[in-house]
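Right, one structure below, let's go through it.
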Amino acid sequence: MYHLTPTQALFSAVFLIIIFMAKGFNKGLKKASGKIESGVPEIDEPLRNGYSFLYCMEMRKREMMYRDGEWVPMYVENDKKNWYIQDKLRKKDIALNKHGRWDFIGKTREMLENNNAI
């Protein structure tokens, strides 16, 4: 078994402290600059446009993606007049709102409102 001498242990500890301080400094700079990152590349754009993290994750869970400034279905064409697509999304608690955009309805909307995510 390999044992460190006191000098080696001191240098190892100082090295690790420097690494962790550098990471913390970088995170602090990102927060101070106002840059919003979620760690999930698909939802960084809607976060920058004012949607909450919980709202984005709920949309992503229901196979919706943010493209060209609005939420659209991920695996089907965004045909808002197609009754089949509307019915399929209604089962996922998503429907067209009065502005013609896909939005949550029902219990999901209530949950988001209770968590101040809308």
Residue by residue through segment 63-118, note down the ones that are under 25 Å from residue 48 (Cβ atoms) and β-branched (Val, Ile, Thr).
-> 72, 94, 108, 118
Subset of segment 81-118 (residues that are touching a Leu at 6+ places or on another chain (Cβ under 8 Å) and closer than 15 Å to residue 65 by Cα) | 95, 102, 103, 104
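Coordinate-derived values only; no laboratory data. These figures come from a predicted structure and were not determined experimentally. Using ideal geometry, Cβ is built from the backbone for each residue, glycine included, and neighbour counts are taken over all protein chains shown.
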